[in-house]
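Please read the structure below before turning to the comments.
The values are calculated or read from the model by the stated rules, or taken from the named source; none is laboratory data. All figures in this text were calculated on a predicted structure; none of them were measured in a lab. For neighbour counting, all protein chains shown are included, and Cβ atoms are generated from backbone atoms with ideal geometry for every residue, glycine included. Heavy atoms of the whole protein, side chains included, go into the accessibility calculation; ligands, DNA and RNA do not. Shrake-Rupley method; radii C 1.70, N 1.55, O 1.52, S 1.80 Å.
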Amino acid sequence: MTARPATRVRAADLALDAPAAPAAYPAWFAARAEGFVAAARAADPAAPVWSPGAEPYVRHYPRHVLAETVVHLADAEIALTGTARPLAPGTAAEALDHYLATAPHIPWIAEPLAHLDRDGAVLRLDARDSGAAWTLVLGGGGFAWSRGGGGTEPTATVTADAGDLLLLLHRRYDADDPRFTLAGDRGLLDDWLAAGAL
């Protein structure tokens, strides 16, 4: 982020200097996290930099790192206990916004979604812990999304806490899990989840 490259930089091209001993990983990760936070705070959020989505600016990366962190923290918690601790609704909503804004620019998500043949179908995500909602309208070779009800009758609706909705979209939970309440065309949700898997 400090160099602000105009083209993609792959991890394989960086000198990450990861430690050889697994016991050293926590301190290594913590030091890199602190370095990222310092760089993010010092950078101009509007400065141009390559990003994989529609927002080629520095401000993309704090959102991206937040989203990646909460999902992979949930991975660790699910691996250890079978479930993730509840996410703060605002944090989960921010990560959901980021996923939906970025997904159309990730080929292995965008291309399957473009071939769902469900033009006009509306998937709604309702967060019961905050009242937030997301409306996803399929069509035009992809989808459009907005916060809120969208004023359109949904084809299918999924209701859960915002963090659980985030983890559902990331396929960490199955839609049959009792934490989700489903209404309408279950096939639309299944199609979306199959196509949008990361």
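Assessment of the stretch 88-101 against the conditions (assigned to a loop (DSSP other than H, G, I, E, B), at pLDDT 90 or above, open to solvent by less than 80 Å² (accessible area, probe 1.4 Å) and under 24 Å from A133 (Cα atoms)) yields at least one matching residue.
Within the stretch 66-82, the set of residues being within 12 Å of the chain's Cα centre (by Cα) and either polar (S, T, N, Q) or not in a helix (DSSP H, G or I) (or both) comprises T69 only. For the condition closer than 17 Å to R186 by Cβ, of a type in the set (A, V, I, L, M), surrounded by 19 or more Cβ atoms within 10 Å (Cβ to Cβ) and free of Cβ contacts under 8 Å to residues at least 40 places away in the same chain, V158 qualifies. Among the candidates R63, R85, the residue that is part of a loop (DSSP other than H, G, I, E, B), of a type outside the set (S, T, N, Q) and either within 22 Å of L165 (Cα to Cα) or in contact with a Gly (Cβ under 6 Å, 6 or more places away or on another chain) (or both) is uniquely R85. In the set (1) open to solvent by less than 30 Å² (accessible area, probe 1.4 Å); (2) without any contact (Cβ under 8 Å) to a residue 40 or more places away in the chain; (3) in contact with a helix residue (DSSP H, G or I) (Cβ under 6 Å, 6 or more places away or on another chain), R179 fails one condition alone, (1). Evaluated against (1) touching an Asp or Glu at 6+ places or on another chain (Cβ under 7 Å); (2) open to solvent by less than 50 Å² (accessible area, probe 1.4 Å); (3) of a type outside the set (K, R), L66 falls short on exactly one condition, (2).
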